[in-house]
Amino acid sequence: MFLLFKRGLVAVAAASLAACASIPQDRGYGDVRNLAAERGQTLPDDVAADRSALLTEILAKPLTAPDAVRVAFINNPRTRGEYARLGLSGAEVIQAGRLSNPTFSAGWQSSTLAVDVSRYDFGMSQNFAELLLLPARLRFSKGEFERAKLDTIQALMDLAAQVQSAYFAAAGAKQVAAMRSTIATAAGAAAELSSRFKAAGNFTALELAIDQAGASQARLDQEQAEAEATRAENVLNELMGLAPDAQWEVAAALPKPLDQEDDLDALQKLAALRRADLESDRRAVALLEDSLGVARSYRLLGSVDVGVHYERDTDRNRLLGPSLSLQLPIFNQGQAPMLRANALLEAAHADLRAKELEVSNGVQAAYDRLTATRKRLDRLATETIPLREAIVARTQERVNYMLVGVFDLLRARQDEYSAYQQYLETVRDYWQFRVDLPHAVGSNLPSDRLVGEPVVAPEFPIEPKDDGMGHMHHGGGMSMPGMDMGGTDQAPPPAAPHAPKPMPSLPAPKPHHHEPSGAVSPDAPSAGAPGSPNPPEHHHGD
């Protein structure tokens, strides 16, 4: 008897082992790395390895956007959570490839007759329906495991886009804060000079109050810009998974904007191929179509238990034979599972269509924002900034000939710096929108290979120069290729639309502690000279 049960157990175990499924030892992380590489992202070789030394090495130098993404992939807890969910899906594959354990039953009955022996029986059965559905279950679980890999990739691409956007926000905010510091320095010097003119009797109280209010507003703007820079760095620090006391700094300047963008139609085709969430929805539709076919084929199949039964009767007669237990499809003929499978498939088709529209429109919107920002950059570089520089140059000439006062020059210079700040903010917006575009496409862009390293240009010179004749000249301002306005009578006309000037790369301006352009030193020149606290009376009236 025991031998028969042992043989039955061996047979069922053999069937279970034949149906066993397994997943890679790394729980699919290698496949995720390959999918990430196809989309332009590099994941660590081993997710569980200690990379504290690598983090220290990366953070020891000024961060670039790719460096920030590397830190996030290594250090952000969200990445570990995504890998853990990948393991959960792998567990479903293993579970789907195994049959449920067989059921053992036993019974014992004693007779009231003394001549009779006790009656007992044993049985063992296995759900045969599970064995029939095992290939389909395994196929579905493996399909869901592949979808889990795609979902992991999409989550990592989302994280990379958030980190890159936060990086450009932090880098741009840092440059804007430095520019605001320069403007506040110039405005403070103007207010100080106004107080000297007021003390000399050549300025009214209203004019002094206007300049002091302007200096106060400039300081407020500087403080706000510095607070925004700190906030942006905190956001980036959190996305990289670093502690609040982590020491790092972004690179000195944003990269130079590209000269040409990718073709929109090519990006739309690339998005259809590379968006991981779109591919995941396509696979969901395919799995549900398969599920509908299985539901249709096995709609009449209920619970089916096959086994062996042994019995010893009271007269010591022994009985052994197979057993079968099955549900008869009388009341339930699988209508509900069929309807459920059809409804799930229809919903999956609708979700897939919605995702296709979302991806296509997302690429279009991101591309439109990027191109609109490029037009704004071109206009600032070829029109606004050259004109502001021309105004400063012409105002300097009028100051030299004592036709206007030094305050007009200071205000012109502040307007010029405001144009530079506007350009810096637009460059920041450009790179943030350029992050949105590959995120919408689901992959790096063909033009990404043209992105260069951050370019550090000369500082913004604001200290006046003395030409030895008592005339004060401003420094050349920001180094802008193709925009040297010194010594010309008019600003150069904007470049033709089809032949734009090279896009200037702006520096990361640093705070200055010397006097701004047009300010006077304690050893002021004589009355009537530009910068004197006693200019000709016709310059300022009461």
Check your understanding: Taking the condition under 16 Å from Gln414 (Cβ atoms) and touching a residue at least 24 places away in the same chain (Cβ under 8 Å), does Ala171 pass?
Key -> no
Point to revise | Filter result for the condition that a residue is within 18 Å of Val435 (Cβ to Cβ) and either in a helix (DSSP H, G or I) or without any contact (Cβ under 8 Å) to a residue 12 or more places away in the chain (or both), over Arg374, Arg340 | key: Arg374
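For (1) out of contact with any Ser or Thr (no Cβ under 8 Å at 6 or more places or on another chain); (2) farther than 30 Å from Gly442 by Cα; (3) crowded, with 18+ Cβ neighbours inside 10 Å; (4) aromatic (Phe, Trp, Tyr), each residue gets a yes or a no:
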{"site": "Ala72", "(1), (2), (3), (4)": "no, no, yes, no"}
{"site": "Arg78", "(1), (2), (3), (4)": "yes, no, no, no"}
{"site": "Ser100", "(1), (2), (3), (4)": "yes, yes, no, no"}
{"site": "Leu133", "(1), (2), (3), (4)": "yes, yes, no, no"}
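Determine, yes or no, whether Asp277 is more than 22 Å from the chain's Cα centre (by Cα) and closer than 26 Å to Ser165 by Cα.
no
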Review point. Got at least one residue in the range 47-59 being under 30 Å from Gln95 (Cβ atoms), without any contact (Cβ under 8 Å) to a residue 12 or more places away in the chain and out of contact with any Leu (no Cβ under 6 Å at 6 or more places or on another chain)?
Key: yes
Check your understanding: Is it true that Ser111 is hydroxyl-bearing (Ser, Thr, Tyr), in contact (Cβ under 8 Å) with a residue 60 or more places away in the chain, more than 26 Å from Leu239 (Cα to Cα) and not in a strand (DSSP E or B)?
Key -> yes
Practice item. Read through the list (1) in contact (Cβ under 8 Å) with a residue 40 or more places away in the chain; (2) surrounded by 16 or more Cβ atoms within 10 Å (Cβ to Cβ); (3) among the small types (Gly, Ala, Ser), then give the number of the only condition that Ser325 fails. Key: (2)
Practice item. Check Asn361 against each of (1) under 28 Å from Arg274 (Cα atoms); (2) surrounded by 13 or more Cβ atoms within 10 Å (Cβ to Cβ) and name the one condition it does not meet. Key: (2)
Check your understanding: Is it the case that some residue within the range 134-149 is out of contact with any helix residue (DSSP H, G or I) (no Cβ under 6 Å at 6 or more places or on another chain) and of a type in the set (A, V, I, L, M)?
Key -> yes
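Is it the case that some residue within the range 146-159 is of a type in the set (Ser, Thr, Tyr), farther than 30 Å from Thr230 by Cα and in contact with a strand residue (DSSP E or B) (Cβ under 8 Å, 6 or more places away or on another chain)?
no
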Review point. Taking the range 114-131 as the search range and keeping residues that are in a strand (DSSP E or B) and of a type in the set (A, V, I, L, M, F, W, C), which one is nearest to Tyr310 (Cα to Cα)?
Key: Phe122
Check your understanding: When the range 381-391 is examined, which residues are found to be surrounded by fewer than 22 Cβ atoms within 10 Å (Cβ to Cβ) and not polar (S, T, N, Q)?
Key -> Glu383, Leu387, Ala390, Ile391
Check your understanding: Does Arg80 satisfy the condition of being at pLDDT below 85, closer than 19 Å to Glu146 by Cα and of a type in the set (Lys, Arg)?
Key -> no
Point to revise | One residue from Leu206, Leu239 being at pLDDT 85 or above, out of contact with any Gly (no Cβ under 7 Å at 6 or more places or on another chain), at negative phi and buried (at least 20 other Cβ atoms within 10 Å of the Cβ) | key: Leu239
Point to revise | Hits in the range 21-41 - residues which are at pLDDT below 85, under 14 Å from Ile153 (Cα atoms) and among the polar types (S, T, N, Q) | key: none
Exercise for review: Consider only pairs whose beta carbons are under 7 Å apart and that are at least six residues apart or on different chains; among these, list those whose first residue lies in the range 249-271 and is touching a residue at least 12 places away in the same chain (Cβ under 8 Å) and over 19 Å from Ala440 (Cα atoms) and whose second residue is in a loop (DSSP other than H, G, I, E, B) and of a type in the set (Asp, Glu).
Suggested key: Pro255/Glu453
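The values are calculated or read from the model by the stated rules, or taken from the named source; none is laboratory data. The model shown is predicted, which means the values in this text are computed figures rather than measured ones. So basically every Cβ, Gly included, is an ideal-geometry build from the backbone, and we count neighbours across all protein chains shown.
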